[in-house]
Amino acid sequence: MGAIIYQFKKMSWSEIVLLISLMLMAAFLFLPILFIFNHAFKPFSELFNYPPTFIVRQPTFQNFNDLIMKTSAGAVPFTRYVFNSLIVVVCTVFAVIFTSLLAAYVLSKHKFYFKSLVMGVIMLSLMYAPETVGIPRYLIISWLDINNTYFGHILPFVASPVAVFLMKQFIDQIPNDLIEAAKIDGATELRIFVKLVLPLAFPAVATIAIITIQAVWGDTQASTLFMQDETMKTLPYYISTLASAGTGGNTIAGQGIAAAAGLLMFLPNLIIFLLFQKRMMETMVHSGVK
Amino acid sequence: MASVSFRNVYKYYKSEKEPSVKDFQLEIADGEFLVLVGPSGCGKTTTLRMLSGLEEVSKGDIYIGSRFINYVSPKDRDIAMVFQNYALYPNLSVYENMALGLKLRKVAKHEIELRVKRAARILEITNHLEKKPSQLSGGQKQRVALGRAIVREPAVFLMDEPLSNLDAKLRAQTRAELIKMHGTLKTTTVYVTHDQTEALTMGTRIVVMKDGLIQQVDKPAVVYSNPNNMFVAGFIGSPAMNFIKGAITESSDEFFFENKRMRMRIPESYYPYIRKLNPNNLRSIVLGLRPEHVISERAEVNNFSEWKVNALIEIKELMGADTFLYLKLGEEQVISRIVEASEEYMPEEKLEVALQMDKAHFFDETTGNSICR
Ligand SMILES: Nc1ncnc2c1ncn2[C@@H]1O[C@H](COP(=O)(O)OP(=O)(O)OP(=O)(O)O)[C@@H](O)[C@H]1O
Ligand SMILES: [Mg+2]
């Protein structure tokens, strides 16, 4: 306690005001997270309280029970959706990192014909929202005949201009001298890429991993448009059907299940963020990139 | 160890109209410390990069020893390079940084350790071998970069302004160390700098470049005392050589340098050169005189009584032992260097100075070339 007071004493007034306002802001931003956690454990009676409450009074696992029970009665078990989601996320993240790293390295550090054209196309594709390319994507996927396969989930995400662009910006900052020094030292292209560029680009890799995981984990487009087979659909799609009447869910009874599922959807995001954030800071500090 | 030979080498960059290096012709002997010097953008780095293999040669041939290396990849040229901003691998320790080149060449482990330790001892970085580059000071980083080159024991060292990121004191110190190092290792070195002090102190020979063209190749003392043209004369030496415009005139078998302000007899040793010239060219001549040859100490001025001229002191600059006087000779500004000034000089004061014509250089004003060749 004494140490904290000492810290405060060292600060100027403006710093204290800044600190307090930042703390208030953080507390405010924490509210939704608090709500998600509490909501999932609320018994049915509490879910519809008016005015709504943040803190659960009588926590129960009933919602999670319902979630698992309801779907086991249905055609496809809940775990199948979870499994699908995990497969798709893991494969997509690796594929995106692999392709964007290779593309960005070549675009940043190598000379070749049509480089500016390629870069221009990538910049152009940055401007399209996923919704606008839904139909072309559908056409391509059915033309490739990969409806109802995991590949159909993954492919639309692999072509990620955002990832390539971010990665290129990052690799641009790696000094050319460093790569040239390695060349003179006798390193092969592969070695330069794996031992030099990859570790230096790690913060960008982490950032792209976070962005991709969040996008893919929450995506319903592929399940809605490209997957007709119920066994190939993913968790977010399933959850979106729970609480909406139109797709055979139950608007009232589904609320508890939706709350539990909401928490399940949110947890990976939280865990990954906490994990990578720390790693990212570390690599930033130790990379010593000039 | 090896000699290096450039034969009519050109470099054309796609984005540039003019070649960045033109007809570069140079023989570097084994064990030489050759300094490439010139103003920014004159093509020093480009030349070095062509030798290292990081940049393609557009035209001409480069040899290391007797081997034609235009199409040899950098790693097979038996060279080591030191970069301006060190280019140390940030994710490797100092030891690994120095060892990598040997490891990739499949040198035995104990041999690597031996060479790294020895280089570290020479460069006094033994205590830092386990550190990461980000934990080192600028001077230490530069020594690691040097160490990385030394352990390779290459045929040629290439260095591109390796000292320019260091502060003045450290630069002087590292400069001395480099000279010492070259004294023991005797490895052929090509050293790029835009700093004429480094060029004069370090090089066994200097190559002065401008706009991609070699202006002069010679020993430092010769470049200083006998520059080829006005560019070299003005670039090498600090403060720069004084230039005074005028003409050479002849009367009763004697030659004089003459302008509105002065008429100075030219010593006989110059006559053969002057007689060789077309008399028309004698009408526009530039006299070049180093600051130490503009004598301002009253006691000494009288030793050169026939070359006296009146001047006005504009600024006085004290630089430790040396004092620089910025003088006005009519239109022209002239700098005079006084070693250990024993008298007082005040700005705005009138002064009689002597121009030491026996040390003068004469240049053709239109071509800029020295006529004393
Ligand atoms: N990669 C490149 N593409 C196009 N032009 C280049 C390239 N590198 C250098 N040049 C041009 O070549 C000329 C010589 O450049 P260089 O880098 O060799 O100069 P330098 O003598 O090393 O100068 P400095 O002292 O500033 O380092 C310059 O006019 C520059 O604009
Ligand atoms: Mg340069």
Problem set entry | the protein assembly as shown - convex hull of alpha carbons, volume per residue in Å³ | 278 Å³
Exercise. For the residue pair A:Leu264 and B:Glu153, what label-to-label distance in nm results when each label sits 7 Å from Cα along the Cα-to-beta-carbon direction?
Worked result: 6.7 nm
For this session: Can you tell me the 0 to 90 degree angle between the C-alpha axis of helix B:168-185 and the longest principal axis of chain B, rounded to 10?
Result: 70 degrees
For this session: For chain A, evaluate the Debye formula with one uniform point scatterer on each Cα (no solvent term) and list log10 I(q)/I(0) at q = 0.08, 0.11 Å⁻¹, rounded to two decimals.
Result: -0.51, -0.88
Exercise. So for A:Met265, A:Met25, fewest C-beta neighbours within 10 Å to most, what's the order?
Worked result: A:Met25, A:Met265
Exercise. Using the alpha-carbon atoms, what tilt in degrees (0 to 90, nearest 10) does helix B:109-123 show relative to the longest principal axis of chain B?
Worked result: 30 degrees
For this session: Name the shape class, rounded, prolate or oblate, that the alpha-carbon gyration tensor gives for the stretch B:126-202, where a ≥ b ≥ c are the square roots of its eigenvalues, rounded holds for a/c under 1.5, and otherwise prolate holds if a/b is larger than b/c and oblate otherwise.
Result: oblate
For this session: Just grab the label-to-label distance for A:Glu15 and A:Gln277, each label 7 Å out from Cα along the Cβ direction, in nm (one decimal).
Result: 2.3 nm
Problem set entry | Equivalent ellipsoid dimensions for the stretch B:233-373 as semi-axes, Å, which come from the Cα gyration tensor, largest first | 27, 16, 13
Seminar exercise, completed: Taking the alpha-carbon centre of each part, the distance from the stretch B:68-137 to the stretch B:149-202 in Å is 16 Å
For this session: Could you tell me the number of lysine pairs in the stretch B:242-364 with C-alpha atoms less than 24 Å from each other, where the two lysines are 8 or more residues apart or belong to different chains?
Result: 21
Seminar exercise, completed: With a Förster distance of 60 angstrom and the Cβ-Cβ distance between A:Leu126 and B:Asp253, calculated FRET efficiency to the nearest 0.05 equals 0.15
Exercise. Which three lengths, in whole Å and largest first, does chain B cover when its Cα atoms are put on their principal axes?
Worked result: 78, 47, 36
For this session: Determine, from the Cβ-Cβ distance of B:Ser58 and A:Glu189 and an R0 of 25 Å, the FRET efficiency 1/(1 + (r/R0)^6), rounded to the nearest 0.05.
Result: 0.55
For this session: Would you work out the charge dipole size for the stretch B:34-141 about its Cα centre, treating the Cβ of every Lys and Arg as +1 and the Cβ of every Asp and Glu as -1, and quote it to the nearest 20 debye?
Result: 220 debye
Exercise. Of B:Ile28, A:Ile36, how do they rank once you tally other Cβ atoms within 10 Å and put the fewest first?
Worked result: A:Ile36, B:Ile28
For this session: Kindly state, to the nearest 0.05, the FRET efficiency for A:Tyr6 paired with B:Cys372, given R0 = 56 Å and r defined as their beta-carbon distance.
Result: 0.15
Problem set entry | Among B:Asn226, B:Asn85, B:Asn280, residue whose mean-square fluctuation peaks in a GNM of chain B (springs only between Cα atoms under 10 Å) | B:Asn280
For this session: Tell me the label-point distance for the pair B:Lys117, A:Leu144, using the 7 Å Cα-to-Cβ offset, in nm and rounded to one decimal.
Result: 5.7 nm
Exercise. Using only helices, what value at 222 nm comes out for chain B when you add -39,500 (n - 2.57) per DSSP H run of length 4 or more and divide by the total residues, to the nearest 500 deg cm²/dmol?
Worked result: -7500 deg cm²/dmol
Seminar exercise, completed: Most exposed first, judged by fewest Cβ atoms within 10 angstrom, A:Cys91, B:Cys42 run A:Cys91, B:Cys42
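Throughout, read-outs are computed from the coordinates displayed, never taken from laboratory work. Bear in mind that the values here come from a model prediction, so they are computed numbers and not experimental data. Cβ coordinates were reconstructed from backbone atoms using ideal geometry, including for glycine residues, and neighbour counts include every protein chain displayed.
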